[in-house]
Amino acid sequence: MTLTLRPLHPLFVAEATGLDLHRPITPDQAAEVHRAMDQYAVLVFPGQSLDDDTQMDFGRALGTLEPTRGVVDAHKHRLKHQEMNDISNLDTDGKLLAADDRRRMFALGNRLWHSDSSFKSTPALYSMLHARVIPPEGGETEFADMRAAWDALPDKEKARVRNFTTWHSLIYSRAQLGFDAYTEEEKKAFAPVQQRLVRRHPGSGRVSLYLSAHIGRVEGMPVPEGMMMIRDLTEHATQPAFTYRHQWKKDDLVVWDNRCTLHRGRAYEDSVYPRDMRRVTLQDVAPTLEQQAA
Ligand code: OGA
Ligand code: MN
């Protein structure tokens, strides 16, 4: 064993130590990380002083990187690698984003409970977020366990929701905050995609709710009725017993499985303090509709 795991929550999330991620990992070590991910769904690797290249290398050692980023003004990119998501409040010159910058408004959508890239037909597998600069307070990230949320549903509710599909788009999540300033090109790029509402997690065999702020419609239901159901399920799934709040330290790398967790960022004084977080995202193997039904 190279990886030492210390649970941080009764249901999911563990601290993972014993691996130095700024060196290449072996296939055996990668398999060990996958096994730990299958069990815990969220792993916190503290004290990993990664740069962009070593963070990308760790991603590639675990899977296939997502080729595109789901953001507005995608051409204004601060980081060296196109595939790396800039989860910061910084402009390309490293200064704080202006209060009315549409990238800042758009990024506020990360504070709604979501699963990364659920708006892509093949959505995200793992997200790997690394803390480079953190604010003195606030800016935590919360996670919720969608397998525990599923397990806790009454049988009748499980049977009712099991076979629904939903439509996801970045436009739907941002509309919840009143953001609607898109170019024609962005509107096309953000066209809704269909996903299963309930999935089976291959590594653990467990069933999980697949929720996200990106959902804007449930197939076969009037929009308000479907969205009320999504709201009720999200409220159930994010109750305190199923959630963990991560208080960041510089050089933490947190890896989460988007197939079976939700997450959201918390507020901080983003017009005063820089927060520089960088995310490498792995792609799932296929669209959820092409994966095994739950
Ligand atoms: C993300 C995300 C929340 C945060 O990186 O995908 O949603 O706390 N981050 O920055
Ligand atoms: Mn996210």
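The values are calculated or read from the model by the stated rules, or taken from the named source; none is laboratory data. All values reported here derive from a predicted model rather than from experimental measurement. Every residue, glycine among them, receives a Cβ derived from its backbone with ideal geometry; neighbour counts consider all protein chains shown. Remember, those area values only see protein heavy atoms, side chains included, never the ligands or the DNA or RNA. Shrake-Rupley method; radii C 1.70, N 1.55, O 1.52, S 1.80 Å.
Just one of the listed residues (His81, His77, His34) is outside any helix (DSSP H, G or I), within 15 Å of Leu282 (Cα to Cα), open to solvent by 20 Å² or more (accessible area, probe 1.4 Å) and modelled with pLDDT of 95 or more, and it is His81.
If the condition is being away from ligand 2 (no atom under 16 Å from the Cβ), open to solvent by less than 40 Å² (accessible area, probe 1.4 Å) and outside any loop (DSSP other than H, G, I, E, B), then region 84-96 contributes only Leu90. Check region 123-145 and report whether any residue there is within 9 Å of ligand 1 (Cβ to nearest atom), among the polar types (S, T, N, Q) and farther than 21 Å from Phe190 by Cβ. Looking for residues that are within 9 Å of ligand 1 (Cβ to nearest atom), among the polar types (S, T, N, Q) and farther than 21 Å from Phe190 by Cβ, one finds at least one in region 123-145, hence yes. Just one of the numbered conditions (1) open to solvent by 30 Å² or more (accessible area, probe 1.4 Å); (2) in a helix (DSSP H, G or I); (3) within 26 Å of Tyr172 (Cα to Cα) is not true of Arg60: (3). Of the strands (runs of 3 or more DSSP E) lying entirely inside region 98-188, the ones with 3 or more residues being over 23 Å from Ala14 (Cα atoms), at pLDDT 95 or above and more than 16 Å from ligand 2 (Cβ to nearest atom) are found at 165-168. When we screen Ala107, Ala175, Ala124, Ala144 for residues that are open to solvent by 20 Å² or more (accessible area, probe 1.4 Å), under 19 Å from Gly265 (Cα atoms) and under 14 Å from the mean Cα position of the chain (by Cα), the only hit is Ala107.
Give me a count of the residues in region 175-208 that are of a type in the set (A, V, I, L, M) and over 29 Å from Arg160 (Cβ atoms). Here the count works out to 3. The set of residues in region 39-57 being surrounded by fewer than 22 Cβ atoms within 10 Å (Cβ to Cβ) and among the small types (Gly, Ala, Ser) consists of Gly47, Ser49. Just to be sure, is Ala191 within 14 Å of ligand 1 (Cβ to nearest atom), farther than 18 Å from Leu11 by Cβ, surrounded by fewer than 13 Cβ atoms within 10 Å (Cβ to Cβ) and modelled with pLDDT of 95 or more? In short, no.
Set side by side, the residues Asp155, Asp116 differ, and just one is without any contact (Cβ under 8 Å) to a residue 12 or more places away in the chain and of a type outside the set (A, V, I, L, M, F, W, C), which is Asp155.
Where strands (runs of 3 or more DSSP E) fall wholly inside region 205-294, the ranges with 3 or more residues that are at pLDDT 95 or above and more than 15 Å from ligand 1 (Cβ to nearest atom) are 207-209, 215-218.
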